[in-house]
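Have a look at the structure below before the remarks.
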Amino acid sequence: MEKEEREKRCHVLVLTYPSQGHINPLLQFAKRLLSKGVKATLVTTHYAARSICAQGVGVETISDGFDDGGFTQAPSAEAYVESFRTVGSRTLGELVLKLQEMGSPVGCIVYDSFLPWALDVARERGIFGASFFTNSASVCSIYWRVHRGLMALPDLTGAVPVSIPGLPPLGSSELPSFLAAPTSYPAYLSAIFDQLTNLDKNDWAFGNTFEELESEVAKAMTGLWPVTMLGPMVPSAYIDKRIKEDTGYGGSLWKPNSDEYMKWLGRRAPNSVVYVSFGSMAGVIAEQMEEVAWGLRESDQHFLWVVKELEQGKLPDGFVKSIQEIGLIVNWCDQLEVLSHQAVGCFVTHCGWNSTLEGLSLRVPMVGVPQWSDQPTNAKCVEDVWGVGVRAKSDDKGIVRREELKTCIREVMEGERSLVIKRNAIKWRELAKEAINEGGSSDKKIDEFVERLLNVKSN
Ligand code: UDP
């Protein structure tokens, strides 16, 4: 089928929640579709769309009700979720109509699972709807089991580990925090359960992971849920190198000063630098920041630490001055550029799912310092399922102390386990690459999706 004909047959809208950890994988999915000759347009809010510039991918906007400042303008998380649902549904419906009138009818909406109302819009317009999960399958399966009543909420003392098919036993500090402490963020927990309510009504459900990585969970969930694993959604230049122009995500909400840190990294020996990031949402408490700061300074390793502008006030007095020889603090970076630099030998990460997948895909040994949400479970898998790093232990106050951080960094970079960790990291990188490369498990799933879209239209 000619390219033009394919593009006419299936125009897919890829709708993302407007935060970095959601934009990146969905934008990548849009690029994968484009590379297979499908017209794919990224849809996000007015506020987030200003930052997106990815080669080849068109961007359309809808409204979350807060067009000037996005989430930060909303009075509360509850108000934001509700406004996005009502205003977002209406404006998404209007967008589908507009595109139809412009002669570019939409055949399918692939939506961020965090925005489940998009399926109702797809149904109203008589087009396909597919949910896209940005968490690991392990985490989604835990939520799914609790939602379906197949698993009770954990014993809050954490004394009895929870047994979940396909996963090692999990203590309460290893479960997603919204489940371990259900009253901590009720709006997010209910949004997470909402995305599971209509799961079976979708034409497809996708997960940003790959079968080989979560094979035990995949087996345990066979026949129970419809989720297809088709990741990792990492720019092609860093993994399979098949999409020439795909050299970075292209949707960064903050602008990095690449020159500065790339030059700095260029002066370091291979595998000698600790790269530290707590992701895009940050919110690390001051006491924890302080412990990380002194732990890094005392670790005797060079380090590059992303501390977002709003967080810099949490650094201890005199710290920045005291690390001039050994450390560099930046507001933001192109994380893939950093992780793939030969100087980087360890990734101290909050274990957001994208960061975890990026660490795995670029074979960088990790030290997990999880903060909330799905991060504790991802950190558990990093250590005990994939063997690509260690999880730093926190004290009774939930703080990872400087000594512990130093020990973990040493363990990963030169300790007893470091060789096994490095070997595992290489293994998982190869498996990640195979999965998304031509004919790999994830690539085949994307092909099947594309073929079904094309064939339904031509029948
Ligand atoms: N990221 C980045 N530069 C930074 C920090 C993070 O480009 O300085 C990217 C990172 O590559 C990842 C995303 O931001 O793709 C963060 O997503 P993740 O799921 O790891 O964490 P979240 O920010 O959602 O907590």
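Residue by residue, what Karplus-based ³J(HN,Hα) values in Hz, rounded to whole numbers, does segment 160-166 have, using 6.51, -1.76 and 1.60 with θ = phi - 60° and x for Gly and Pro?
Calculated HN-Hα couplings, in order: 10, x, 8, 9, 10, x, x Hz.
What are the ³J(HN,Hα) values, in whole Hz, obtained from phi via the Karplus relation 6.51 cos²θ - 1.76 cosθ + 1.60 with θ = phi - 60°, for each residue of segment 12-26 in sequence order, with x given for Gly and Pro?
Whole-Hz 3J(HN,Hα) from phi for segment 12-26: 10, 8, 10, 9, 10, 5, x, 10, 4, x, 9, 4, 4, x, 6.
From the Cα gyration tensor of segment 289-361, with a ≥ b ≥ c the square roots of its eigenvalues, which class applies: rounded if a/c is under 1.5, or else prolate if a/b is larger than b/c, or else oblate? Display every interim value, and only then the final one.
Details: a/c = 1.93, a/b = 1.52, b/c = 1.27.
It is prolate, given that a/c is not under 1.5 and a/b is the larger ratio.
Taking the 0 to 90 degree range and rounding to the nearest ten, how far is the long axis of helix 402-414 tilted relative to the main principal axis of the chain, both from C-alpha atoms?
80 degrees
Give the residue from 38, 330, 171 lying farthest towards the positive end of the charge dipole for the chain; charges sit on Cβ (+1 for Lys and Arg, -1 for Asp and Glu) and the dipole is referred to the Cα centre.
Checking the options against the dipole of the chain, the answer is 38.
FRET efficiency for residue 201 and residue 403, Cβ-Cβ distance as r, R0 = 56 Å, nearest 0.05? Walk me through the numbers before you get to the answer.
Numbers: r = 51 Å, r/R0 = 0.90.
Working from the Cβ atoms, E equals 0.65.
Would you mind calculating the relative contact order of the chain from Cα pairs under 8 angstrom and at least 6 residues apart, reporting the percent as a whole number? Provide the component values of the computation, followed by the final result.
On the way: 842 pairs, mean separation 69.6, N = 459.
15 percent.
Rounded, prolate or oblate: which one fits segment 157-301, using the alpha carbon gyration tensor with axes a ≥ b ≥ c (rounded when a/c is under 1.5, else prolate when a/b beats b/c, else oblate)?
oblate
Measuring from label point to label point, each 7 Å out along Cα→Cβ, what is the residue 287 to residue 242 span in nm?
5.0 nm
Subtracting the Cα-Cα distance from 0.36 nm times the residue separation, let me have the gained length for residue 86 to residue 124 in nm, one decimal. Mind showing how you got there, number by number?
Details: separation 38, 0.36 × 38 = 13.68 nm, distance 1.47 nm.
Here the answer is 12.2 nm.
Mind listing the long-range amide H neighbours of residue 302? Cut-off is under 5 Å, sequence gap 5 or more, other chains count too, H placed in the peptide plane at 1.01 Å from N.
Sorted by chain and number, the residues that satisfy this are 274.
Between residue 98 and residue 181, what length comes free when the chain is fully extended (0.36 nm per residue of separation minus the Cα-Cα distance, one decimal in nm)? Mind dumping the intermediate values first?
Details: separation 83, 0.36 × 83 = 29.88 nm, distance 4.33 nm.
25.5 nm is the gain from fully extending residue 98 to residue 181.
Where a number appears in this text, it was derived from the coordinates with a stated rule and is not lab data. No experiment lies behind these values; they were computed from the predicted model shown. A quick note on method: Cβ atoms are made from the backbone with ideal geometry, for glycine too, and the neighbour counts reach across all protein chains shown.
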